[in-house]
1. Give me, ordered by chain and number, the residues 5 or more places off Thr9 or on other chains with an amide H under 5 Å from its own placed amide H.
2. Taking the Cα centre of each part, how many Å lie between the stretch 16-30 and the stretch 37-116?
3. Which Cα, out of Phe52, Trp34, Ala70, lies furthest along the positive dipole direction of the stretch 31-86 (beta carbon charges, K/R +1, D/E -1)?
4. Please get the size of the charge dipole for the chain, origin at its Cα centre, with Cβ charges of +1 on Lys and Arg and -1 on Asp and Glu, quoted in debye to the nearest 20.
5. Pick from Val94, Val30, Val39: which is most flexible by mean-square fluctuation in a GNM of the chain where alpha carbon atoms under 10 Å apart are linked?
6. Taking only DSSP H segments of four or more residues, each worth -39500 (n - 2.57), what value at 222 nm results for the chain once the sum is divided by all its residues, to the nearest 500 deg cm²/dmol?
7. Against the longest principal axis of the chain, how steep is helix 74-84, in degrees 0 to 90 to the nearest 10, with axes from Cα atoms?
8. If you look at just the Cα atoms of the chain, how large are its Rg and its Dmax in Å?
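Values in this text are rule-based calculations from the coordinates and carry no lab data. Please read these numbers as outputs of a predicted model, since none were measured by experiment. Positions of Cβ are backbone-derived with ideal geometry, glycine not excepted, and every protein chain shown enters the neighbour counts.
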Amino acid sequence: MTLELGMVTVDCADPRQMAAFWCAALGVRVDQDWGEYLVLTPAREGGVRLGFQQVPEERAGKNRLHLDLATTDRDGEVARLVGLGAAKLAEHEVPGLAWTVLTDPEGNQFCVGEPH
């Protein structure tokens, strides 16, 4: 098999606003800018890239795919992300893992998890 995950693209109303939020959140930069489609550099060499594509329709309901981010300082990262424009939705915990559900500026849900 020759397939590998190279990029996750998020449909959105304002790719520049989304790219600004996620660049600040992940500590990356915009690598490619075609106006209606922006691609961020991967967080590390060989990592998955993140793209933002402008679409005319509004987001309806909960997104079917979401990003799971990992950290060893969940409370600190959640506070930082909220300061950047994210909104906190919920906290969850199972044996060995705790995570917080947030939304980005366009309401797309993502999670920040921390192992116990």
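1. For Thr9, whose amide H was placed from the backbone, the distant partners under 5 Å are Gly51.
2. 12 Å
3. Of the options given, the answer is Ala70.
4. On the way: 10 positive and 18 negative charges, 8 e Å.
Taking the Cα centre of the chain as origin, the dipole is about 40 debye.
5. Val94
6. Details: 2 runs with 23 residues, N = 116.
Result for the chain: -6000 deg cm²/dmol, rounded to the nearest 500.
7. Result, in degrees: 40.
8. 14.5, 44
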